[in-house]
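Asker: This is the structure I want to talk about, given as structure tokens.
The values are calculated or read from the model by the stated rules, or taken from the named source; none is laboratory data. A quick note: this is a predicted structure, and the numbers were derived from the prediction, not measured. We place every Cβ from the backbone using ideal geometry, glycine too, and count neighbours over all the protein chains shown. Quick note on the areas: whole protein, heavy atoms, side chains included, nothing else; ligands and nucleic acids left out. Shrake-Rupley method; radii C 1.70, N 1.55, O 1.52, S 1.80 Å.
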Amino acid sequence: MKTPARLRLLLTLIALLPASLEAADLAPVDAAEFARCLPADAKVERLATGLGFTEGPVWLPREGVLVFSDIPKDQLLRWSPAGGIAGFREPSRNANGNTLDLQGRLLTCEHSGRRVARREADGTLVTVVDRFDGRRLNSPNDIVVKADGTLWFTDPEYGLKTNPATKQREGKEQPGNFVYRHDPATGATTAVVRDFVQPNGLAFSPDEKLLYIADSGTPRHIRVFAVGADGRLDAGRVFCRLDQGGPDGIRVDREGRVWSSSGDGVQVFHPDGRLVGRILLPESAANLCFGGPDGRTLYITARKSLYAVRTSVTGAGR
Ligand code: MG
């Protein structure tokens, strides 16, 4: 083997190695509070790169693997500490957000499938919901499950193709971009929020009395709503605004802080809406989840890569 070829091989191998970013990529704003979120020596690790557009991370505790979406490549992928990256489902109907239901079954928002799908124990896929008011959904984006088993998901129009001449989304049947509550017990689907531009990530507070919903459209903010016993939401209020990019996927930790994807990585907010600090990434983050065997790893899907960082807290809910 000639030297240039060896050099190319070496450079290729280096590029494939997991890369640790510097601890300086943690940027506290409220240092004392941020120190409760992440170990002082926490390092952001790039677990994989070279992907299309990553989204929808969810930790599967039974299997000990992370599942996430590569939307444009029409794949669901899996990652584990021992096995690295492997395929999970393809085609995925351009899967986006994922979560688990109370029985541990994988729920997936599908852009081109225009539905929320559930993976049964035997691996088959069933449609959970694909219509509201007799019309097809736009392109379900992200989903959470409440302790009562109801599914809450957002339905922006990102997955619908734009007609270059009219600039209109093609095939849109809904009169807006709504947030829905679906009760698998009754099959009923209710639009709980109708006034978002592009509803995206969503997460309950630890006691489920609050629901946070990100608007990744022009408002680029997160709103918070009081959740009524009947499953209805109040009018809500703006919880925080992102100063770098817009919020996409969000999570709440067990102590009630809101962790939002952002243009500069991840931004952590105190329950009162103040910025606690940032996890800076070289790529814009689209989503995140707590996981790992002890629940203290934050997995971040950011454009072409998957990142992870150890945390001092675990996530709320499932
Ligand atoms: Mg999203």
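Asker: Go through Leu202, Leu210 for me and flag whichever is crowded, with 22+ Cβ neighbours inside 10 Å and closer than 21 Å to Asp253 by Cα.
Answerer: Leu202
Asker: Related question: Give Pro72, Pro28 a once-over and let me know the one that is in contact with a Phe, Trp or Tyr (Cβ under 6 Å, 6 or more places away or on another chain), more than 24 Å from Arg278 (Cβ to Cβ) and modelled with pLDDT of 95 or more.
Answerer: After applying the criteria, what remains is Pro72.
Asker: Filter the range 272-297 for residues that are assigned to a loop (DSSP other than H, G, I, E, B) and open to solvent by 10 Å² or more (accessible area, probe 1.4 Å) and give the result.
Answerer: Once the filter is applied, which keeps residues that are assigned to a loop (DSSP other than H, G, I, E, B) and open to solvent by 10 Å² or more (accessible area, probe 1.4 Å), the range 272-297 yields Asp272, Gly273, Arg274, Leu281, Pro282, Glu283, Ser284, Pro293, Asp294, Gly295, Arg296.
Asker: Which ones in the range 94-116 are under 17 Å from Thr150 (Cα atoms), within 16 Å of the ligand (Cβ to nearest atom) and of a type in the set (Gly, Ala, Ser)?
Answerer: If the condition is that a residue be under 17 Å from Thr150 (Cα atoms), within 16 Å of the ligand (Cβ to nearest atom) and of a type in the set (Gly, Ala, Ser), then Gly97 is the only one that fits.
Asker: Checking the structure you have, find out if any residue of the range 118-134 is modelled with pLDDT of 95 or more, among the polar types (S, T, N, Q), crowded, with 18+ Cβ neighbours inside 10 Å and not in a strand (DSSP E or B).
Answerer: Looking for residues that are modelled with pLDDT of 95 or more, among the polar types (S, T, N, Q), crowded, with 18+ Cβ neighbours inside 10 Å and not in a strand (DSSP E or B), one finds none in the range 118-134, hence no.
Asker: Would a scan of the range 145-157 turn up a residue that is aliphatic (A, V, I, L, M), touching a Gly at 6+ places or on another chain (Cβ under 6 Å) and either within 16 Å of the ligand (Cβ to nearest atom) or within 23 Å of Val126 (Cβ to Cβ) (or both)? Break it down stepwise before answering.
Answerer: At the first step, the residues of the range 145-157 found to be aliphatic (A, V, I, L, M) are 145, 147, 151.
Pick out the ones that are also touching a Gly at 6+ places or on another chain (Cβ under 6 Å) and you get none.
Checked the range 145-157: no residue is aliphatic (A, V, I, L, M), touching a Gly at 6+ places or on another chain (Cβ under 6 Å) and either within 16 Å of the ligand (Cβ to nearest atom) or within 23 Å of Val126 (Cβ to Cβ) (or both).
Asker: State whether one or more residues within the range 259-271 are over 22 Å from Asp243 (Cα atoms) and touching a Cys at 6+ places or on another chain (Cβ under 7 Å).
Answerer: No, the conditions are met nowhere in the range 259-271.
Asker: Among the residues of the range 45-67, count how many are more than 18 Å from Tyr158 (Cα to Cα) and either within 16 Å of the ligand (Cβ to nearest atom) or of a type outside the set (A, V, I, L, M) (or both).
Answerer: The qualifying residues number 13.
Asker: In the range 178-271, which strands (runs of 3 or more DSSP E) lie fully inside it and hold 2 or more residues that are within 16 Å of the ligand (Cβ to nearest atom)? Write out each step before concluding.
Answerer: Values: elements: 179-183, 188-193, 199-204, 210-215, 221-226, 237-241, 250-252, 258-262, 265-269.
By residue number, 179-183, 199-204, 210-215, 221-226, 250-252, 258-262, 265-269.
Asker: Can I ask one more? What number of residues within the range 266-292 satisfy the criterion of being within 19 Å of Arg36 (Cβ to Cβ) and within 13 Å of the chain's Cα centre (by Cα)?
Answerer: 3
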